[in-house]
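Report on the following structure.
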Amino acid sequence: MSGNAIRRRREAANLTQEQVEQRSGISVSQLSRLENGRHLPQRRTLIALASALGCAPDALRDEIMVGGASCPGCGAALSPDTAICPLCCEVTK
């Protein structure tokens, strides 16, 4: 899992965390946790982030989830220790 994808997209768009907060409604503290890979974004967070960063939610999800396992419910890439898919809420273990 790579939260760096969110940071790379944000920096490529020349946005500060505060500007992303204003555009998405996601707090700077939550954005920081996502960018540092400490949390996976839930579906609604992913959609809000993608909108704020000017990209498709699926593209952002794929960049974030590089190298993980796949959800049996929706096929999203997951980190190996994920018990519930953050996109479709399918139990994965």
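Conditions (1) under 12 Å from the mean Cα position of the chain (by Cα); (2) farther than 17 Å from Cys88 by Cα, marked per residue:
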site: Ser24; (1), (2): no, yes
site: Gln30; (1), (2): yes, yes
site: Leu34; (1), (2): yes, yes
site: Pro41; (1), (2): yes, no
site: Leu53; (1), (2): yes, yes
What's the total number of residues in the stretch 10-49 that are within 18 Å of Pro86 (Cβ to Cβ), in a helix (DSSP H, G or I) and touching an Asp or Glu at 6+ places or on another chain (Cβ under 8 Å)? 1
From the list Ala50, Ala12, pick out the single residue that is out of contact with any strand residue (DSSP E or B) (no Cβ under 6 Å at 6 or more places or on another chain), of a type in the set (Gly, Ala, Ser) and at pLDDT 90 or above. Ala50
Find the residue count for the stretch 12-24, including only residues that are closer than 20 Å to Ala59 by Cα and surrounded by fewer than 13 Cβ atoms within 10 Å (Cβ to Cβ). 2
Among the residues in the stretch 62-73, are any modelled with pLDDT under 90, assigned to a loop (DSSP other than H, G, I, E, B) and of a type in the set (Asp, Glu)? no
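The values are calculated or read from the model by the stated rules, or taken from the named source; none is laboratory data. Just so we're clear, the structure is a prediction, and the values are computed from it rather than from any experiment. So basically every Cβ, Gly included, is an ideal-geometry build from the backbone, and we count neighbours across all protein chains shown.
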